[in-house]
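Remarks on the structure that follows.
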Amino acid sequence: MVLAREAAARPDAIRRHNLGLLLGEIHRDGELTRAELTQRLALSRSTVGALVADLTALGLVVERVPTGGVRAGRPSHVVGPRDDGPYAIAVDVDVTRVASAAVGLGGRVLARHGSLAAGQPPTPRQVAEQIAQAVHALDDLVCPGSWPVGIGVSVPGTVSSRNDVVEFAPNLNWHGEPLGAILADTVPNGLPVRLGNDADLAVTAERLRGAGRGSDDIVFLMGRVGVGAGIVANGRPLSGHHGHAGEVGHNVVDPSGPRCHCGKRGCVETYIGEKALLKLANRRRPPTSENVAALFADAHRGDPQAAVAVRAVAKALGHTIASLVNVLNSERVILGGSLASVFDFATAEVSSAVSEYAMTEGHAAVQLRTPGLGSDSPLLGAAELVFADLLADPLATRASAESLIRP
């Protein structure tokens with residue numbers, strides 16, 4: 001039998017690989033000394049020095065001599081992200097708001113640009129136009145010399161990873177919308193565009209540098225107007241056969257329950273979504289972030305109707321978490337969006353319902369958390385869509401960025 005020969009790794013391929021590894025360490029943990037990088041990468045000091053010099057020349061990192069403290073011998077230089085380096089244009093699309101930010105390496109929010117949608121959910125074309133405006137606005141706000149590497153967009157719906165089509169976003173009334181193609185025709189300079197589901201991106205960001213760090217089994221349960229889940233199982237994102245895993249909001253828990261806009265009755269969303277919360281409090285107002293925040297503020301001030309509404313949602317939330325824990329045996333469940341506020345106000349009710357409905361072995365170990373990144377989890381997750389290419393090949397991404405004409 002003749003064994004097929006494997007192609008030897010070329011020196012240039014090894015260099016590109018190591019550049020990505022070193023940049024990835026800085027992206028995840030921020031400033032690190034050369035000594036720390038040498039230890040983490042198991043490379044020689046001279047090799048790390050050469051890689052740092054390459055990344056510095058590419059405009060990706062900056063190196064400085066540490067100050068403060070008395071150290072014997074020559075101090076190890078500190079390597080960190082540049083203030084005027086690359087940034088991702090991260091966008092979080094919700095039913096009532098489109099939020100954008102310039103996000104630098106290390107997940108640093110460099111500048112923000114927010115815009116309110118109209119009274120009705122925005123159309124894909126309206127979202128694209130708002131993002132195009134944000135690209136220009138953010139370029140004026142970041143440090144001179146900074147350069148965008150792409151646009152990452154979080155949407156509350158299922159997204160095809162093959163063609164960036166938003167297949168189904170019920171609360172936006174989107175069905176089969178080619179948002180990726182629309183953005184490619186609308187945004188300036190041919191910036192690459194990446195799309196993802198909001199809960200999937202949120203769990204990515206939280207695992208990288210938030211409340212999910214250090215865990216390989218996480219559920220990020222996102223509650224806004226709709227409800228969805230981002231799942232990491234055994235250290236890997238769980239997307240499912242068609243990428244639809246985590247669509248928790250339209251699981252039917254009671255066929256005779258409230259009518260859902262999807263056409264069914266008794267969906268999870270009708271019990272723990274923001275519309276349900278406002279309805280329970282007898283507040284006939286649209287589920288904007290301002291109206292929902294006002295309800296929680298009233299509950300904390302002692303408004304009985306607001307408090308009863310939050311506690312009712314808390315019990316249903318605990319039931320939902322228990323079902324997820326029974327199926328996935330997750331170590332951590334992170335509650336995002338308005339569900340974080342429900343948990344903060346009614347921790348006892350949520351925990352009690354989890355204990356009542358979860359299998360004993362599952363609920364005893366599960367850790368309930370609120371996001372370490374606050375409301376920015378999906379936004380920062382969208383930035384990671386863009387940085388994935390940069391971290392995979394810093395040389396190629398820098399060359400591609402230089403070919404773009406800045407607005």
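Please give, to one decimal in nm, the separation of the simple spin-label points placed at LEU41 and LYS279, each 7 Å out from Cα toward the Cβ.
So the label points at LEU41 and LYS279 sit 5.5 nm apart.
In terms of modelled amide H atoms, which long-range or inter-chain residues lie less than 5 Å from the amide H of ALA245?
Amide H neighbours of ALA245: GLY240.
Where the Cα atoms of the range 186-345 are projected onto their three principal axes, how long is each span, largest first, in whole Å?
46, 44, 33
How much mean residue ellipticity at 222 nm does the chain get from its helices, if each DSSP H run of length 4 or more adds -39500 (n - 2.57) and you divide by all residues, to the nearest 500 deg cm²/dmol?
Working: 15 runs with 177 residues, N = 407.
About -13500 deg cm²/dmol.
What dipole magnitude, in Debye to the nearest 20, does the chain give about its Cα centre under +1 on Lys/Arg Cβ and -1 on Asp/Glu Cβ?
Details: 38 positive and 41 negative charges, 66 e Å.
Dipole size: approximately 320 debye.
Can you tally the net charge around VAL308? Count Lys and Arg as +1, Asp and Glu as -1, for every other residue whose Cβ sits under 15 Å from the Cβ of VAL308.
Neighbour charge sum, excluding VAL308 itself: +2.
Mind running the shape call on the range 325-397? Use the C-alpha gyration tensor, a ≥ b ≥ c as the square roots of the eigenvalues: rounded below 1.5 for a/c, prolate if a/b tops b/c, oblate otherwise.
Details: a/c = 4.78, a/b = 2.07, b/c = 2.31.
Here the range 325-397 falls in the oblate category.
Return the label of the correct value of Cα extents along the principal axes in Å, as calculated from the structure shown, out of (i) 67, 64, 48; (ii) 63, 53, 39; (iii) 61, 50, 46.
(i)
Report the local net charge at GLN133: Lys and Arg +1, Asp and Glu -1, summed over other residues whose C-beta lies under 12 Å from its C-beta.
Working: positive: none; negative: GLU129, ASP139, ASP140.
Within the 12 Å Cβ shell, the charges total -3.
Where in the chain are the DSSP H helices whose C-alpha atoms run 20 Å or more along the long axis and whose mean Kyte hydropathy is at least 0.0?
Values: long enough: 11-29 (27 Å, -0.54); 124-141 (25 Å, -0.14); 304-328 (36 Å, 1.10); 377-392 (22 Å, 1.46).
What comes out of the filter, once short or polar helices are dropped, is 304-328, 377-392.
Once the other residues with Cβ under 13 Å from the Cβ of GLY226 are scored (Lys, Arg +1; Asp, Glu -1), what is the net sum? Mind showing how you got there, number by number?
Details: positive: ARG224, LYS275; negative: ASP94, ASP198, GLU247, GLU269, GLU274.
Net charge in that neighbourhood comes out at -3.
Since every read-out is calculated from the coordinates, none of them should be taken as a lab result. Because the structure is a prediction, the values reported are computed rather than measured. Note: ideal-geometry Cβ built from the backbone for every residue, glycine included; neighbour counts use all protein chains shown.
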